[in-house]
Amino acid sequence: MVNSMAKRRKSTDEQLLESYESGKLVSTGPSKAELKKYRDSARATLIKDRRVNIRLSSPVLLDIQARAAEDGIPYQTLIASVLHKFVTGRLVEKPSRHKSLLEGLARGERAIDEGRTVSHAEAKRRMSRWPK
């Protein structure tokens, strides 16, 4: 019986590795045109040529400054980053703690309305069986 491993075709990874190790592959850098395109794109993205003045409530500004301090960046940079993520569709909304708390309270109120509750004594009895 012929060894199936000997007959098996080399994978693309194996072929690439073999070509690299034998010196058949030559690394080439980007062309001058590609470099110019990338450089121009980066400059256009990073240019900050407009000033914007906004009014924020003191608590919001304090929260932004605290968050920026946690991240080790200036708060203006954080604001610019959030705005950039928003306009590019990359800003992901996470439920705030306040919103999560309100949703939890609403679930609890529904459980009470639907009679899905137990007494304190029953809860203690059930929890006493939990592993410690």
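Only the coordinates and a few stated rules stand behind these numbers; no lab work does. No experiment lies behind these values; they were computed from the predicted model shown. Virtual Cβ from ideal backbone geometry, glycine too; neighbours counted across all protein chains shown.
The helices (runs of 4 or more DSSP H) found wholly in the range 1-120 and carrying at least 2 residues that are of a type in the set (Phe, Trp, Tyr) occupy 75-87. Within the range 37-45, identify whether any single residue is out of contact with any Pro (no Cβ under 7 Å at 6 or more places or on another chain) and closer than 15 Å to Leu83 by Cβ, and answer yes or no. Yes, the conditions are met somewhere in the range 37-45. Would you check if there is a residue in the range 31-51 being touching a residue at least 12 places away in the same chain (Cβ under 8 Å) and out of contact with any strand residue (DSSP E or B) (no Cβ under 9 Å at 6 or more places or on another chain)? Scanning the range 31-51 turns up at least one residue that is touching a residue at least 12 places away in the same chain (Cβ under 8 Å) and out of contact with any strand residue (DSSP E or B) (no Cβ under 9 Å at 6 or more places or on another chain).
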